[in-house]
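Worksheet: one structure, shown below.
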Amino acid sequence: MIGKRARTGAGGGGPARGRPRAALGATTTALLTVTALAALPQTTAHAADTLGAAAAEKGRYFGAAVAANHLGEAQYAATLDREFNSVTPENEMKWDAVEPSRGSFIFSRADQIVDHAQSQGMDVRGHTLVWHSQLPSWVSGLGATELRSAMNNHITQVMTHYKGEIHSWDVVNEAFQDGNSGARRNSPFQDKLGNGFIEEAFRTARAADPAAKLCYNDYNTDGVNAKSTAVYNMVKDFKSRGVPIDCVGFQGHFNSNSPVPSDFQANLQRFADLGVDVQITELDIEGSGQAQATDYGNVVRACLAVTRCTGITVWGIPDKYSWRSSGTPLLFDNNYNKKPAYDAVLSALGGTPGGGPGGPGTPGAACTATYTTAEQWGDGYNGKVTITAGSSPITGWSVNVTMTAPQKVVSVWNGSPTWDSGGTVMTVRSSWNGTLAAGASTSFGFTVNGGTTPPPQVGACTAS
């Protein structure tokens, strides 16, 4: 992580207003020596059992979008601290949050996130400096000359406040239209300053913090299409003329209507070939069970296949706090249980699934889960899952079971079930039968009504 530096003024060229700095203890001092994401420290003996640590072993980061108002929730903070090595503020660095009135800057909520990240040895992505949305009303009312001055001052003041503490900034966000035109989106900046506003924003950003990576970020640019090609042509032009751009962010909001494109990796690669890093910046994939897990794994593998894909950020932690919560698009369910998508991501990163739902498992603990259909009748059946301990004893286990509608589980025995918000993924944990000697087995069962096919999808066994 780049070391903290003293901050200069934080508003309108006035006196210094840098936030109070925490005392530099031994841990913080050690962190100041870390200058590259690839060198992120391994904080536990089971580094490959968490997303951030597994990504770090691949020279990448794996981050999450974070909301300051959730940091006081114990499970939220614990999951963030355990699993991720980079954070992005969801809303706390946007224009309306930090400069609600012209020249008056409020950094307290964003500072809370940055301070928390630094206390855990995490890096921070800055999001976002120039965007048509979440603008305070005073910005849109400015004429061209005043708008240019306000834009450049906003970039300079915000980046100066966090100088040396942000690994990548989304300098300009979502400046291109959807559809096949490849045109720029209407916005106060585009309409009053013209096409040159993006270049000017990047040049101003470079002057404010020469060490930070400067990114352009957008959505629906994940595959090769008219919109992504327009961005590609802009980046190519910038690189040819020496405009300072270091990275391109691909948001990665996927669902059944906008699936992971087949040319996702090829699209990342063509941008990387221009000489910029690429980052997956806001990943969430609606769905559940194995289908969602497969999509997540494919996205991670695509990033790993592109040398200049430096990291991935998922847009939230548990499903219940997602902006698309009804689509259950994240890696943890509403109770912070790891979903099959979590295991798929960790496996794709080269890690080893096997930690318990609340954290890494007991050293050496492992188990397997195998499914069989027991009794079957016209519109239902009994299913049985056998849990077998690995080469070491275990004291608990959990397994995800994913059903296909209209099938419904109506009863469970020898296990304690919880459900995701969609009612399709059941997480079963050990009750009285969690302690198993090495190689020993137990089982749990459930009754299903609503059809006999397809069989349920049983995820990997997680031991503790």
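The values are calculated or read from the model by the stated rules, or taken from the named source; none is laboratory data. Remember, it's a predicted structure, so these values are computed and weren't measured experimentally. Please note: Cβ atoms are built from the backbone with ideal geometry, for glycine as well, and neighbour counts cover all protein chains shown. Please note that ligands, DNA and RNA were not included when accessible areas were found on the heavy atoms of the full protein model with its side chains. Shrake-Rupley method; radii C 1.70, N 1.55, O 1.52, S 1.80 Å.
Quick notes on this one:
- Accessible area (Å², per residue) of region 77-196, counting only protein heavy atoms and a probe of 1.4 Å: 32
- Apportionment of accessible area to carbon and sulfur, the chain, percent (1.4 Å): 51
- FRET efficiency, 1/(1 + (r/R0)^6) with R0 22 Å, evaluated for T368 and T294 via beta carbons: 0.60
- Prolate/oblate/rounded call for region 245-291, Cα gyration tensor, a/c under 1.5 rounded: prolate
- Region 149-229 shape via C-alpha gyration tensor axes, a/c threshold 1.5: oblate
- Simple spin-label estimate for T447 and D263 in nanometres, 7 Å along Cα-Cβ: 5.3
- In the chain, helices alone account for a calculated mean residue ellipticity at 222 nm of -8500 deg cm²/dmol, with every DSSP H run of four or more residues adding -39,500 (n - 2.57).
- Computed about the Cα centre, the dipole magnitude for region 107-185 is approximately 220 debye when only Lys and Arg (+1) and Asp and Glu (-1) carry charge, each at its Cβ.
- Tensor-based shape of region 276-408 (alpha-carbon gyration tensor, a/c under 1.5 rounded, otherwise prolate or oblate): oblate
- At a probe radius of 1.4 angstrom, the accessible area of region 263-388 per residue rounds to 34 square angstrom.
- Distance violations [Cα-Cα > 25 Å] among K227/K338; K58/K213; K58/K236; K58/K163; K94/K213; K338/K408: K227/K338; K58/K236; K58/K163
- Per-residue ³J(HN,Hα) for region 124-134, Karplus 6.51 cos²θ - 1.76 cosθ + 1.60, θ = phi - 60°, Hz, x for Gly and Pro: 10, 9, x, 8, 9, 8, 10, 8, 6, 9, 6
- Each label point was placed 7 Å from the Cα along the Cα-to-Cβ direction; for T395 and V224 their separation is 5.5 nm.
- Computed label-point distance, nm, for sites E146 and W323 using a 7 Å Cα→Cβ extension: 2.9
- Evaluated with a Cβ-only charge set (Lys, Arg +1; Asp, Glu -1), region 222-365 carries a dipole of roughly 200 debye about its Cα centre, given to the nearest 20.
- Taking the Cα centre of the chain as origin and assigning +1 to Lys and Arg Cβ atoms and -1 to Asp and Glu Cβ atoms, the resulting dipole is close to 880 debye.
- Taken one residue at a time, the phi angles of region 308-322 give Karplus couplings (6.51, -1.76, 1.60, θ = phi - 60°) of 8, 7, 8, x, 9, 10, 8, 8, x, 10, x, 3, 5, 9, 6 Hz. Gly and Pro are set to x.
- Solvent-accessible surface (1.4 Å probe) assigned to R206 amounts to roughly 60 Å².
- For C309, the residues 5 or more places off, or on other chains, whose built amide H falls under 5 Å of its own are V278.
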